[in-house]
Each structure stands twice: as structure tokens, then as C-alpha cells.
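The values are calculated or read from the model by the stated rules, or taken from the named source; none is laboratory data. Small disclaimer: the values here were computed from a predicted structure and weren't measured. For neighbour counting, all protein chains shown are included, and Cβ atoms are generated from backbone atoms with ideal geometry for every residue, glycine included. Accessible surface is based on the protein model in full, side chains and every heavy atom, while ligands, DNA and RNA are left aside. Shrake-Rupley method; radii C 1.70, N 1.55, O 1.52, S 1.80 Å.
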Amino acid sequence: MKKEKKMTLTLPAEELMACGHLACQGCGATLAMRYMLKALGQKTALCIPACCWAVIDGPYPYSSLDVPIYHCAFETAASTATGVKAGLEMTGDSETTVVAWAGDGGTFDIGLQALSGAAERNEDIIYVCYDNEAYMNTGIQRSSATPYGAWTTTTPVKHFKTRPKKDIVAIMAAHRIPYIATASISHPEDFVKKMRKAKDIKGTRFFHVYAPCPTGWKSRPEDTVKLARMAVQNAYFPLCEIEDGDKVTLNLKLKDKKPVNDYIRIQGRFRHLTEAQVASIQAEVDARWERLLKNCAV
Amino acid sequence: MKKVMMGNHALSYGAMLSRSQVIAAYPITPQTQVVELLSEMCADGTLDARFIKVESEHSAMAACIGASVAGARAFTATSSQGLALMHEMLHWAAGGRHPIVMGNINRSMAPGWSIWTDQNDSLSERDTGWMQYYCASNQEVLDTVIQAFKVSERLMIPGMVILDAFALSHTYEVVDVPDQAAVDKYLPPFKPAIRLTPSDPRAFGGLTGAEHYMELRYKLQKDMEKAPALIEETGREFEKIFGRNLGLVDAYRCDDADFVFVTSGTAGFTARVVVDEFRKSGLKAGNLRIKVFRPFPFAKVREVLKKVKKAAVVDRNCSYGAHGIFYQEVKSALYGEAGMPPVFGYIAGLGGRDITTDSFKEVAAHALAKDKADEEIVWIGVKK
Ligand SMILES: Cc1ncc(C[n+]2csc(CCOP(=O)(O)OP(=O)(O)O)c2C)c(N)n1
Ligand code: SF4
Ligand SMILES: [Mg+2]
């Protein structure tokens with residue numbers, strides 16, 4: 001007799017995101033939302049500022065999500081979420097998880113002041129930045145999350161971005177909020193586990209989620225998850241947690257750290273880079289990785 | 001209970017008696033005492049509210065919007081630069097139909113830095129979809145906050161209660177503080193028909209195409225058009241309980257007047273003194289103080305001014321390249337109706353320069369000497 005195969009679900013089966021949303025094929029940001037909602041469940045309220053997700057959700061009067069959404073101004077994800085949490089609590093609902101869900105532009109740039117204010121006050125919200133490393137909604141312009149070397153429409157090949165990506169996790173850690181995590185759409189179990197952990201913590205919780213964007217990165221839609229995985233495995237985007245501003249935990253140790261070259265070379269946005277420039281990216285990634293290892297709790 | 005208090009504290013008491021549930025505010029002179037008193041009230045339990053000490057006015061209004069859509073009564077206060085910083089969110093609050101009430105202390109816009117009064121800050125926000133009430137006494141400030149919540153929550157349109165910097169914000173007057181139980185009867189708890197809640201998951205303010213957007217704005221205008229009658233109705237209701245009427249305008253000795261000043265804010269009370277003097281010397285003068293600027297009380301203004309021979313509008317503001325802003329509105333209220341009086345426009349008191357009884361006498365001397373109103377804008381007391 002054949003042995004019956006048992007399947008264990010490693011992610012919650014509940015789907016709070018329906019098909020019919022408006023994202024491009026292969027959009028990493030949609031997976032990020034789907035996994036987050038699986039972790040948090042239906043008792044969640046979202047504040048979404050201007051970003052791709054303001055469109056992805058669907059036009060008025062439709063929505064592809066089964067949770068309430070407030071579409072807020074570009075720079076107000078953190079402040080609107082703060083108000084929503086206060087408003088819900090003052091009207092007798094202290095259970096709902098309030099999430100500010102913003103892109104890298106809305107987080108690293110225009111919304112940084114409101115985010116810093118909310119974090120300093122330790123507002124009881126989860127702030128998620130899905131990072132596609134540019135302003136995609138407006139047609140691929142650079143943000144301060146755009147990495148060194150990348151092409152965007154405002155950093156053309158002849159004048160590509162020469163400054164490194166802003167270290168948002170270090171900025172948030174400096175606020176000494178209770179919980180910070182990086183996560184990737186290539187590692188949903190890790191993402192969901194950390195999101196569930198965050199759900200039970202009080203205070204400001206910050207997630208930096210890597211969400212490749214084939215449209216803006218000039219990559220193949222079918223490579224989205226692969227790119228995300230490569231970025232984790234080559235330490236371009238390591239998975240870690242920071243508690244109370246200084247307790248750093250590495251979630252995925254890299255025994256066999258891959259070179260960044262393969263990752264760089266399958267993205268059109270880096271096509272113009274010379275070998276020497278790629279080598280300088282490698283050196284920067286290595287240095288960051290060493291710093292992270294040093295900061296990790298032993 | 002009668003209490004001596006400054007205008008700013010009248011705002012705080014209004015917010016407290018209205019049982020504001022979420023307050024998010026950022027300090028700016030001359031508004032600071034509003035939030036100082038409210039944070040004390042929240043700290044000592046006099047007021048059961050969450051006070052969010054945001055890092056900017058922009059965030060203050062964003063937080064009020066979040067609180068309001070979650071179903072809480074939200075209040076804030078600001079002035080001048082702070083109001084201007086909120087501009088984007090003022091459109092958001094009105095367009096999203098969030099009945100927030102905000103105090104604004106009229107302070108001139110920089111540069112040069114000025115903390116003194118004029119109305120260009122609030123009037124720059126006239127097209128955002130907020131209701132605007134211009135007050136002339138501390139009593140009116142306190143009463144209007146309570147009324148504004150009632151009107152705003154009925155129409156789902158936010159309201160701005162406005163008072164002059166220093167002339168009112170820092171001036172102490174006797175204020176009759178209404179009884180909490182009576183206020184509770186007048187102003188029931190805020191219970192919006194829909195709100196942001198997982199038990200009824202909706203998306204608010206998403207991408208809206210040309211096939212829907214215009215209808216949303218049409219509804220805002222239609223509801224705004226209901227506001228004048230509602231303000232009068234809730235004003236009469238207020239009078240029944242508290243003995244003080246809150247209307248669209250304050251027409252002082254206008255019934256049989258030949259010459260009428262049109263004013264707003266505290267200058268309106270100065271004008272009354274001049275009206276009384278003129279009456280003693282045989283000139284039938286009056287003063288029409290416009291209290292509600294948005295919605296503009298076109299019908300009321302027409303009704304009062306149609307019997308008058310001349311009207312002189314004194315503006316504490318200027319729409320550069322055009323006219324004083326109340327002057328423009330008053331003229332448009334009268335345009336096209338037969339038998340309306342000529343209307344003269346004056347600009348006075350910018351940057352906190354006093355508008356005195358002499359200023360009004362200068363206005364009257366100019367208007368009375370002319371038979372026809374031309375488009376000339378006369379600046380009162382300006383050094384040329
Ligand atoms: C105050 C303001 N400035 C500019 C814009 C235009 N705008 C809308 S979305 C956007 C970029 C969003 O980038 P990001 O936050 O990275 O999200 P993404 O579109 O990449 O998902 C910009 C510049 C706006 N809506 N509001
Ligand atoms: S542009 Fe990029 S982030 Fe935006 S919807 Fe398309 S794939 Fe997703
Ligand atoms: Mg982006």
C-alpha cells in the first residue's frame with residue numbers, strides 16, 4: 001500500500017487579497033501585501049498613501065482587499081495611522097491592528113518626518129515599507145532608497161545614481177522602537193512569522209520589505225521571486241530583526257554567500273555598469289554584511 | 001458658570017465641553033494656550049480624550065482625519081504658517097467628508113515674521129471645502145465650537161472657528177461656560193453612518209475616475225448649500241437652551257440704516273461704537289458683521305443691504321491683484337439685483353495694525369463723500 005502523503009501548510013490558508021487587482025505582472029508588492037494579511041488576519045485596518053498600492057487595490061468603488069483601507073496623503077501614512085489607532089481606541093476598539101503601508105518614497109523621503117514623529121512617540125502601529133527602490137507610481141524616478149548604480153528616469157545612464165541607498169533600518173533603530181524587521185517576498189514563512197510576532201508587541205513596529213518591481217527594474221516578471229531570493233542570499237538584503245534598537249538577530253545565516261554579480265546582471269536598470277562598478281557594489285555589500293554580523297547578538 | 005478667560009481658553013473649553021475624543025495639535029504663537037490647556041485637561045482626566053503630540057501641523061490634521069474616519073470626534077487648533085502647512089490636508093478633510101473642528105487664530109503670513117492678526121491665513125483656505133466662522137468675542141468662540149461640531153457632523157463637512165490674534169486670543173473676557181449636561185443634550189455623540197472598521201471593510205478615498213469624482217464634489221457643494229439654514233436652525237436651538245443666538249451674520253442697527261459698515265471678527269465690535277456715535281449725530285449708520293464666511297450667506301447679506309443707501313466693506317486681508325476678499329463676496333452677493341446700494345472697499349489692519357474707531361471714521365468720510373463706487377481699493381492708515 002502506498003503511504004499517504006501529508007502536507008503541512010507553512011502559511012495560513014486564509015486569503016484576504018482577491019484577484020482582480022491592478023498591479024503589473026510579477027509585482028513583488030502584491031505578494032508582500034498578501035503575506036502580511038495572512039499573518040495579521042482580518043482584524044486589520046490599513047492606511048495607504050500615494051504609491052503603487054494606492055492604485056493596485058482597485059479604483060473606487062472597488063477594493064481587492066477584505067480589510068478596511070484609508071487612502072491617505074503621500075507623506076501621512078504614519079500620522080494617519082496614529083489617528084486611526086487613537087480613534088478606534090476612543091470608540092471602544094482596541095483589538096484592530098493598524099498598519100501604515102507605504103512605498104520607499106513615502107517612507108525614506110517625503111514621509112520620513114511623520115514616521116520619525118510616530119516612532120519617537122512609540123505609537124501603537126505597524127509601519128510597513130515595501131521597497132521597490134524608486135518612485136514607481138509616477139514612472140520610475142529615483143528615491144533615496146534607489147541603490148548605487150541604478151538607472152531611473154531621473155538618474156539616466158549617463159548620470160546614474162552615485163550615492164548609496166539610505167540606511168532606513170539604522171534610522172529606525174536609532175529611534176529605539178520595540179521591533180524592527182527586514183523581510184522578503186522570497187521568504188514568506190520568515191515574513192509571516194515575524195509579522196505575527198510583531199502583532200503581539202505594543203508600540204511602533206517597523207518592517208522593511210524587499211519587493212522587486214519588474215517594470216521599474218527592467219527585469220522579467222517571472223524573475224521577481226528569484227531576484228528577491230538572490231538579494232537575500234548574496235547579502236544585498238539580509239533578513240534580520242532588531243529589538244529595542246540594539247538587539248540584532250540574523251534570521252538567515254549565509255554559509256555560502258553568493259556574489260552580487262548574477263543578481264545585478266539580470267536587471268536592465270544596472271545594464272550600464274562596468275565590472276569595476278559591480279566590484280565596488282560587491283565591496284559595499286561585503287562591508288555592510290560584516291557590520292551586521294558584528295552587531296548581531298552572540 | 002461665569003469665568004474670566006482668554007479667547008484661546010474659550011476654544012479649549014469649547015473642545016472640552018464638546019467631548020472631543022482625539023486631539024492632535026502642534027504649537028504656534030498665538031495658539032499655544034489652546035493646546036496647553038487641552039493637554040492639561042487630558043492629563044488630569046477633565047477630558048477623556050487622546051492627545052497626540054504630533055511633530056507638525058501637517059501630521060496634526062492627518063491624525064485628526066484618521067481619528068475621524070475611525071469614528072471619533074476630533075479637534076485641533078493652529079494659526080497662520082501652521083494652517084498653510086496643513087493646506088493639503090484641509091482639502092483631504094473636506095473632500096473625505098471628515099467633520100473635524102479646528103480653531104484658527106488669525107495671524108499674518110510671513111515674511112516678514114509677524115505674530116499679529118490679519119485674515120490672509122484662513123482666507124487662503126476658503127476653497128478647501130471647510131466651513132469658516134469668524135468670531136468677535138470669547139463667548140462666541142466657545143459657543144461656536146459646540147455649534148460647529150453639531151453642524152459639521154450633520155453635514156459631514158469640517159468647520160474652522162476663527163478668532164483674531166491677541167485682540168481675542170489673548171484678551172480676557174467674562175464667558176458663561178455652559179453646563180456639561182446641557183451641552184450633551186444639544187450635541188449628541190458622534191455616530192457616523194460608515195467608518196473605518198474591519199467589521200465593515202471599505203476602501204476610503206481610492207483612485208476615483210472622471211465618472212465618479214465630479215459627483216462627489218457636487219454632493220459636497222449641495223451639502224454646503226444646506227449649511228446656512230442648518231446654522232440658523234442650530235443657532236436658534238442653541239438660543240433656546242443657552243440664551244444666546246448663533247446666526248450667519250450680526251446685523252447691528254441695520255434695519256433703518258442708510259450707511260452700513262460690513263465687517264468681520266473683532267473689528268466688527270469696534271464698528272458698533274462708531275455706529276452709535278454716528279447715530280447720535282444724526283447719521284443712520286449700521287454694522288453688518290459677517291460671521292460665517294463659508295458657506296457665504298449671500299441671501300442674508302442681500303436681505304440686510306438692499307434697504308441701505310451705501311455699504312463700506314472693511315477687509316483685514318487682501319487678495320493681491322484683486323480686492324479685499326469680503327468686498328468681493330459682498331459685491332457678488334448684490335450683483336444682478338435691482339436697487340442694491342453702491343459698495344466701497346477698504347483694506348485695514350494688516351499685520352496686526354489696529355483698526356480703531358478713527359479708522360472707521362476715515363472709511364465713512366471717504367464713502368459718504370462719493371456718490372458712485374468705483375473699483376478703487378482704499379488702504380486705511382497706510383504710509384505711502
Ligand atoms: C505631496 C505629493 N507629492 C507628490 C506626489 C506624487 N507621487 C505619487 S506616488 C509617488 C511616488 C511613490 O513612490 P513610492 O513611495 O516608492 O511607492 P511606489 O510607487 O514605488 O510603490 C509620487 C512622487 C503626491 N501624490 N503627493
Ligand atoms: S510598477 Fe512595479 S511596484 Fe508598481 S505595480 Fe508595477 S510591478 Fe508593482
Ligand atoms: Mg517605490
Q.
Pairs of alpha-carbon atoms within less than 8 angstrom and 6+ residues apart define the contacts here; what relative contact order does chain B have, in percent?
A. 15
Q) To the nearest 0.05, what FRET efficiency results for A:Asp244 and A:Asp286 with a Förster distance of 25 Å applied to their C-beta separation? A) 0.35
Q) Among A:Tyr130, A:Gly26, A:Ala118, whose Cα sits farthest toward the positive end of the charge dipole of region A:1-151 (+1 at Cβ of Lys/Arg, -1 at Cβ of Asp/Glu, about the Cα centre)? A) A:Gly26
Q) From the square roots a ≥ b ≥ c of the eigenvalues of the alpha-carbon gyration tensor of region B:267-352, which class results: rounded (a/c under 1.5), prolate (a/b over b/c), or oblate? A) oblate
Q: Pop the C-beta distance of B:Asp276 and B:Met109 into the FRET formula with R0 = 35 Å and round what comes out to the nearest 0.05.
A: 0.55
(Q) Quick check on chain A: of the DSSP beta bridges with both residues there, what percent are antiparallel, nearest 5%? (A) 30
Q: Would you work out the relative contact order for chain A, in percent, from Cα pairs under 8 angstrom that are 6 or more residues apart?
A: 17
Q) Taking each residue of A:58-69 in turn, how many C-beta atoms of other protein chains fall within 10 Å of its C-beta, and what is the average? A) 5
Q: Given the options A:Ala73, A:Ala181, A:Ala29, state which has the largest fluctuation in a GNM of chain A using a 10 Å cut-off (strictly under) for Cα springs.
A: A:Ala73
Q: Can you pull the one-decimal nm distance between simple spin-label points at B:Asp127 and A:His272, each 7 Å off the Cα toward Cβ?
A: 4.0
Q. When the solvent-accessible surface of protein heavy atoms is calculated with a 1.4 angstrom probe, in what order do A:Leu293, A:Leu11 fall, highest first?
A. A:Leu293, A:Leu11
Q) According to the square roots a ≥ b ≥ c of the eigenvalues of the Cα gyration tensor, what is the shape class of chain B, taking rounded for a/c under 1.5, prolate for a/b larger than b/c otherwise, and oblate for the remainder? A) prolate
(Q) Nearest 500 deg cm²/dmol is fine: what mean residue ellipticity at 222 nm does the protein assembly as shown get from its DSSP H runs of n ≥ 4 alone, each adding -39,500 (n - 2.57), divided by its residue count? (A) -11500 deg cm²/dmol
Q: Pick out which of B:Glu215, B:Glu237, B:Glu225 has the largest mean-square fluctuation in a Gaussian network model of chain B, springs linking Cα atoms closer than 10 Å.
A: B:Glu215
Q: Run the 1.4 Å probe and let me know the accessible area of A:Arg34, rounded to the nearest 10 Å².
A: 80
Q: Return the percentage of antiparallel bridges among DSSP beta bridges fully within the protein assembly as shown, rounded to the nearest 5 %.
A: 25
Q) Taking chymotrypsin sites (Phe, Trp or Tyr not before Pro) as exposed when DSSP calls them loop (any state but H, G, I, E, B) and at most 11 other Cβ atoms lie within 10 Å, what is the longest stretch of chain B free of them, the sites themselves excluded? A) B:114-319
Q. By a straight-distance test (C-alpha under 16 Å), which lysines pair with B:Lys310 as possible cross-link partners, with residues fewer than eight away in the same chain excluded?
A. B:Lys284, B:Lys331, B:Lys361, B:Lys370, B:Lys372
Q: Would you work out what percent of the accessible area of region A:38-86, with all protein chains in place, is carbon or sulfur (probe 1.4 Å)?
A: 61
Q | Dipole magnitude of the protein assembly as shown about its Cα centre (Cβ charges: Lys, Arg +1; Asp, Glu -1), debye to nearest 20 | A | 1520
Q. Angle between the Cα long axis of helix A:188-199 and the longest principal axis of chain A, 0 to 90 degrees, nearest 10?
A. 40
Q | Rounded to the nearest 20 debye, dipole of region A:4-147 from Cβ charges on Lys, Arg, Asp, Glu | A | 300
Q. Toward the positive end of the charge dipole of region A:172-298, about the Cα centre and with charges on Cβ (Lys, Arg +1; Asp, Glu -1), which of A:Ile281, A:Phe206, A:Tyr263 goes farthest?
A. A:Phe206
**Q.** Dipole of the protein assembly as shown, positive direction: furthest Cα of B:Leu368, B:Tyr335, A:Phe237, with charges on the beta-carbon
**A.** A:Phe237
Q | For region B:167-183, 3J(HN,Hα) per residue [Karplus equation, 6.51 cos²θ - 1.76 cosθ + 1.60, θ = phi - 60°, Hz, x = Gly/Pro] | A | 3, 10, 4, 10, 9, 8, 9, 7, 10, 7, 7, x, 6, 4, 4, 5, 5
(Q) Rounded to whole Å, give me the distance from the Cα center of region B:221-253 to that of region A:113-178. (A) 50
Q) Taking a ≥ b ≥ c as the square roots of the eigenvalues of the Cα gyration tensor of region B:24-122, is the shape rounded (a/c under 1.5), prolate (a/b larger than b/c) or oblate? A) oblate
Q) Against the longest alpha carbon principal axis of chain A, how many degrees, from 0 to 90 and to the nearest 10, is the axis of helix A:77-90 turned? A) 20
Q: Any chance you could look up the accessible area of A:His159 with a 1.4 Å probe, heavy atoms only, rounded to 10 Å²?
A: 140
**Q.** Virtual spin-label span in nm between B:Ala229 and A:Glu14, 7 Å along Cα→Cβ
**A.** 4.7
Q.
Need one number: % antiparallel among DSSP beta bridges in region B:223-369, to the nearest 5.
A. 20
(Q) Given Cβ point charges of +1 (Lys, Arg) and -1 (Asp, Glu) and nothing else, what value in debye, to the nearest 20, does the dipole of chain A about its Cα centre take? (A) 1020
**Q.** Listed residues B:Cys42, A:Cys24 arranged by accessible area, highest first, probe 1.4 Å
**A.** A:Cys24, B:Cys42
(Q) Along the Cα→Cβ direction, 7 angstrom out, place labels at A:Arg176 and B:Arg302. What is the inter-label distance in nm? (A) 6.5
